[in-house]
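J.: Here you go, one structure.
What follows is calculated from the coordinates using simple rules that are stated; it is not laboratory data. What you see is a predicted model, and the numbers here were worked out from it, not measured in a lab. Cβ placement follows ideal geometry from the backbone for every residue including glycine, while neighbour counts extend to all protein chains displayed.
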Amino acid sequence: MSIRKSSAIRVNHDCVTETIDNVCIEESFQIYLNNEFIGELIASPSQLEELGAGHVICEGLASGVSGVQVSGDEIRVHAEAPDGKCTTGYSVTIEKEHISEVMDSIRSEIWERTGGTHCSVLFSDGRLIARSEDIGRHNTVDKVVGYAILKNIDLSTCVLGCSGRQPAAMVSKAANAGIPIVISRSAPTDKGIRTADLAGVTLIGFARGNRFTVYTHPDRIILHQGL
């Protein structure tokens, strides 16, 4: 579990008490692609193979991953060159009721104990296949995508659910991975919407309870007649 204990002083109106608080662990990792250093990621120290595999796919640096090795703070990914594809097809659909099921699956034990993490989930054929929580919302997407890549799951059949907002950089991750539907509890930005539109991604925001807002490519959403 990516949690440590920290001493703290808690103030509530006029009440001041010493306490031990749960806090998220933050670590830095060096990412290598085909033995070339490509950057440093600040992340929670879990699902590191998935993080490496998903990062190179979601950033458009590779089209496939042949292997990942983790040693200390180094994540070494061996991958194939990108194929230039960054748009998604139109075959996958989602029923209105399933959108709330995707959001209900975004549960984070670490967030409940610390309030310091984001969570992403990945569904395929209506089934939850991956869940990730991390201090960085970008990392959660990398990790669930990486899981699918390492398990040879076709991302074009998947739906991505996120806890965080959807600017262009987040939407681009789904587009680069070939994921056709992105659902978030939070808001998109104008460039996030434009990125989704151009890439053929169905972008859904403010998905809370039975409510949601569709910003792009609504043809993938199945609504019952009269609604």
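J.: If I take R0 = 41 Å and measure r between the Cβ atoms of N22 and D190 in this structure, what FRET efficiency does the formula 1/(1 + (r/R0)^6) give, to the nearest 0.05?
T.: The value I calculate is 0.65.
J.: A further question follows. Note down the net charge around L51, summing +1 for each Lys or Arg and -1 for each Asp or Glu among other residues with Cβ under 9 Å from its Cβ.
T.: -3
J.: Calculate the translational D of region 94-222 in whole µm² s⁻¹ from Stokes-Einstein, where the hydrodynamic radius comes from the Kirkwood formula applied to all Cα pairs, the temperature is 20 °C and the viscosity 1.002 mPa s.
T.: After rounding, the answer is 151 µm²/s.
J.: Next question, about the same structure. Return the distance in nm (one decimal) between the two label points of a simple spin-label model at E112 and D219, each offset 7 Å from Cα along Cα→Cβ.
T.: Using points 7 Å along Cα→Cβ, the separation is 4.1 nm.
J.: Give me the distance in nm between label points sitting 7 Å out from Cα along the Cα-to-Cβ direction at N210 and E74, one decimal.
T.: Result: 5.6 nm between the two label points.
J.: Apply 1/(1 + (r/R0)^6) to the Cβ-Cβ distance of S66 and I129, taking R0 = 25 Å, and write down the FRET efficiency to the nearest 0.05.
T.: Result of the calculation: an efficiency of 0.75.
J.: Please work out how many pairs of lysine residues in the chain are eight or more positions apart (or on different chains) and have Cα atoms closer than 15 angstrom.
T.: Eligible lysine pairs with Cα atoms under 15 Å apart amount to 4.
J.: Roughly how compact is the chain, stated as its Cα Rg over 2.2 N^0.38 Å to two decimals?
T.: Normalised Rg, Cα atoms only: 1.07.
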